[in-house]
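The values are calculated or read from the model by the stated rules, or taken from the named source; none is laboratory data. Bear in mind the structure is a predicted one, so any value in this text is a computation, not a measurement. Cβ sites come from the backbone with ideal geometry, for glycine too, and all protein chains shown count toward neighbours.
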Amino acid sequence: MSANWFVLSGDQQLGPYTGEQLVQFAQEGRVAAESMVWAEGMAEWVTASQVPGLFPEAPAAVVAPAAAKPALSTSNWAPPGARPATATATATAAPASFSPYTTPGSSLAPAPAGGNYPFLSIKPASFSLWMWTFIGGFLSLGLVIAFFALGISSSSSSGSTAPGSPPNMDGVAPVLIAICFYGLAIICFTLSSVFLLMNFYRAWSCLRAGAPRTTPGQAVGMLFIPFYNLYWMFVAIAGLPKDWNRIVASYDDLQTAPRMSESTFLMYCIGSLVFPPLAMIVIFPMMSQMCAGINFFAYRRNTTSPGAASTGGFGGIKFG
């Protein structure tokens, strides 16, 4: 029994546990024959008595002795290290899309701390791609000012034209060039904003198996709500390094993951509200730290078995 198992305790879903842990709980009387259990690949929740090998003699009916510990299905007892999650599924059937780290009604339930972090499929981030679009926007704005000033200067230096003579066109060309660079600046700033939000989404996606404070979609989506985003940025942006450092420190194979500076992200949020030039400076180290963290997960080696990673078997889980 090497699968990841889940047990229902009242209205809570406990797990995952290995098959060996489940056998130990059954021997200790903490899992009774009528306790509801489930593992990936099973069509529905079943009683523990229906699991082959869980109870050595597989009795038809199990009567717990007076001194036995209460069963999981009728008590609030949780094995050491358990992270309970509210289960909205009934005890009669498990959703078809249910997986060892998925709770019905949510995208991803927390993985147990310690050991190895689940393998997540994350796309890499490019710091240079964001940086050049961001810098390109300011360079384009500078050229807009320069050519616009040149156009005005050319028009004024030519003086007024005589009545009936062709209009002075000396300053038209620089102004047209300035308009073109203005359009380029808008494109650059738009792309840099898109890359910024994409990286925030990917950074939160890296944490979705470690019980973060928000989902990737909420973290980015609520930044578009007027006025509320003034508060939400301190949750989604300033809160990212707090959850990041906490989660990567909780798993053995993430100890070498890059950490993020809480003060840098906080300064960006404050600067965005009270002093934008500060935010424009702090955004560079903030983006650098985010991209380094995202790429750690993007290029992280999948330690699960090949068959389990591709089929979602008991040996390991891959999240797309």
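Brief remarks follow.
- Checking Leu197, Leu223 one by one, the residue that is in contact (Cβ under 8 Å) with a residue 12 or more places away in the chain, in contact with a Leu (Cβ under 8 Å, 6 or more places away or on another chain) and farther than 23 Å from Ala298 by Cα is Leu223 and no other.
- Counting the residues of region 273-288 that are within 17 Å of Ser261 (Cα to Cα) and without any contact (Cβ under 8 Å) to a residue 40 or more places away in the chain gives 7.
- Thr264 being in contact (Cβ under 8 Å) with a residue 12 or more places away in the chain, in a helix (DSSP H, G or I) and under 26 Å from Arg300 (Cβ atoms): yes
- Among (1) out of contact with any helix residue (DSSP H, G or I) (no Cβ under 7 Å at 6 or more places or on another chain); (2) within 30 Å of Pro118 (Cα to Cα) - the single one Trp204 does not satisfy: (1)
- Of the strands (runs of 3 or more DSSP E) lying entirely inside region 1-50, not one contains at least 3 residues that are free of Cβ contacts under 8 Å to residues at least 24 places away in the same chain.
- Lone qualifier among Ala178, Ala209, Ala257 - being on the phi < 0 side of the Ramachandran plot, at pLDDT below 90, of a type in the set (A, V, I, L, M) and assigned to a loop (DSSP other than H, G, I, E, B): Ala209
- Residue within region 98-121 that is at pLDDT 60 or above and assigned to a helix (DSSP H, G or I) present: no
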